[in-house]
Amino acid sequence: MGNTPCLRVRGPFALQGEVRVPGDKSISHRAAMLLSLSQGEARITGFLSSRDCLATVNALRAMGVEIDQTGGSELAVKGVGLNGLSEPGDIIDCGNSGTLVRLVLGILAGQQFTAFLTGDQSLRSRPMGRVIRPLREMGAFIVARGGDTRLPIAVRGGSLTPISFVPEIPSAQVKSCVLLAGLLSSGITTVSETRRTRDHTERMLEYLGAGIRSSDGRIEVEGRIALVAKDIAVPGDISSAAFALCTAAASLGSRLTVRGVGVNPTRTGVLRVLQRMGARVTVERQWSANNEDFADLTVSGAELQSVDIGPEEIPDVIDEIPILALTATQCAGTTTIRGASELRVKESDRLYTIEKMLTSLGADVEVRGDDLSITGPSRLRPCVVDSCGDHRIAMTAAMAAAFVDGAVDITDTDCIETSFPGFQEFLSGLAGTGSVESFCLN
Ligand code: S3P
């Protein structure tokens, strides 16, 4: 058996400095996909060159799109138009990426060929019925393992009929899947969201000239209108920045600026929660490009208080709950995170993995049903945390060392590559009195 990559992070430390984070994962996936479907050639700058997003690039290349990586985070994409993709010669491996499999299924549903998708062990256990059902209703032929709910999946695309779709769960991946299939169908497809989710797909479609309108949670896309290739600058990923921002907010003596972060309001729930906790967060400079919002954010350490995060707020902080749960261990009082069932179907069952991690760290944490409660402030203790192959658990555990007098050893940290290449150097550069080393377990 091979070696298991691990990290040892020694605390305590405060975070000091000015940094950037790698490109936004959601926007990078969408930029590669939508420019592939456009007419003309365009560049993506700030692209997240992580394992998940490179799996998207490989999938598109396998369908005949010419994509050149002209720099570490720069891609040149030659669009093939809405109907120019070709049948992949092999099974598409979506790796660990739920966004890739769910969004590309929407695209494949409207193509005149057959494709097969699979993924890693975690992705093969995640629910896909939520996208298969609406795509079948539009006329795609799809079969999948587990009673048509799990990868591997086979899809034979065809000509699609528009639908009016009301998602049962708030999910940007499900919404985007149906909008992409709508883009390839004849007529107007509608998605009516009862709870707003991230809107990067809608914004990018509008930027590239699609027939898309959106108001009060109702999104309409008109099919078969060509997209026109235009350059896309990807902002820094606020979900990656959140690891440092939340830790700095809770550690006295920290002062951290993260430049060029994406602050689309459907993604800034984490900043709103931090503000309710009493954090010192300031937006230094704000600007827009390609229909997305960017800002420089500064956070200084402060004494924080507990908050309540209810079910209606979960989609706004869906990827930040692990780091917010860690932050809650440093807040005075009991923080409640309610109605978080979607956490059970992420890269790991995050209600379980958060509870396990925080318990190892000596925090006061309880999961009841789909609710999480954390009482602080707690002194955390040295321990070993198994990431369970989940990048956000691995990075949260690394940040926990800020509040530990000693080392946190995190096992199975290879998963960090799915969303945050360079994380170890990033943390080393900020964690003044702390240290970060990698090691391997046999
Ligand atoms: C994503 C949407 C979210 C999020 C995921 C990325 C996207 O998933 O958790 O990391 O890019 O659309 P759901 O929309 O399924 O909750």
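The values are calculated or read from the model by the stated rules, or taken from the named source; none is laboratory data. Owing to the predicted nature of the structure, the values given are computational and were not obtained by experimental measurement. FYI the Cβ positions are ideal-geometry reconstructions off the backbone, even for glycines, and counts take in every protein chain you see. Side chains are part of the model used for accessible areas, which takes the heavy atoms of the whole protein and leaves out ligands, DNA and RNA. Shrake-Rupley method; radii C 1.70, N 1.55, O 1.52, S 1.80 Å.
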Among Cys388, Ala398, Ile374, the residue whose Cα sits farthest towards the positive end of the charge dipole of region 363-408 (+1 at Cβ of Lys and Arg, -1 at Cβ of Asp and Glu, taken about the Cα centre) is Ala398
Mind checking which lysines have their Cα closer than 18 Å to the Cα of Lys78? Skip sequence neighbours fewer than 8 apart in that chain.
-> Lys230
Which three extents, in whole angstrom, do the alpha-carbon atoms of region 96-148 cover along their principal axes, largest first?
-> 28, 19, 16
Here the Kirkwood hydrodynamic radius of region 125-200, Cα-based and in Å, equals 12.7 Å
Roughly speaking, to the nearest percent, how much of region 78-201's 1.4 Å accessible area is carbon and sulfur?
-> 49 percent
So what does the Cα-only Debye profile of region 25-233 read at q = 0.09, 0.19 Å⁻¹, as log10 I(q)/I(0), no solvent term?
-> -0.29, -1.48
What helix-only [θ] at 222 nm does the chain give? Using -39500 (n - 2.57) per DSSP H run of at least 4, over all residues, to the nearest 500, the answer is -8500 deg cm²/dmol
Which of Arg218, Arg272, Arg368 fluctuates most in a GNM of the chain (C-alpha springs under 10 Å)? That residue is Arg368
Counting only Cα, what are the radius of gyration and maximum Cα-Cα distance Dmax of region 60-160, in Å?
-> 13.9, 43
Counting only protein heavy atoms and using a 1.4 Å probe, what share of the accessible area of region 328-390 belongs to carbon plus sulfur, as a whole percent?
-> 46 percent
Lysines within cross-link reach of Lys346: Cα-Cα under 19 Å, excluding same-chain residues under 8 positions apart?
-> Lys25, Lys175, Lys356
Percent antiparallel among DSSP beta bridges (both partners in the chain, rounded to 5) | 75 percent
Enter the angle in degrees (range 0 to 90, nearest 10) between the Cα long axis of helix 172-183 and the first principal axis of the Cα atoms of the chain, meaning the one along which they spread out most.
-> 20 degrees
State the three equivalent ellipsoid semi-axes of the chain, derived from the C-alpha gyration tensor as the square roots of 5 times its eigenvalues, in descending order and whole Å.
-> 36, 22, 21
Using a 10 angstrom cutoff on alpha carbons, build the Gaussian network for the chain and name the most mobile of Cys383, Cys53, Cys246.
-> Cys383
The chain, Gaussian network, Cα under 10 Å: of Val281, Val261, Val345, the residue fluctuating most is Val345
Any chance you could list P(r) for region 136-278, counting all Cα-Cα pairs in 5 angstrom bins from zero, rounded to whole %?
-> 2, 8, 14, 16, 15, 14, 12, 8, 6, 3, 1, 0
With every protein chain left in place, what is the accessible area per residue of region 25-233 in square angstrom, probe 1.4 Å?
-> 37 Å²
For region 392-403, just list the computed ³J(HN,Hα) in residue order, Karplus coefficients 6.51, -1.76 and 1.60, θ = phi - 60°, integers in Hz, with x standing in for Gly and Pro.
-> 6, 6, 4, 6, 5, 5, 5, 5, 4, 4, 4, 10
Taking only the Cα positions of region 277-368, the convex hull volume per residue in Å³ is 125 Å³
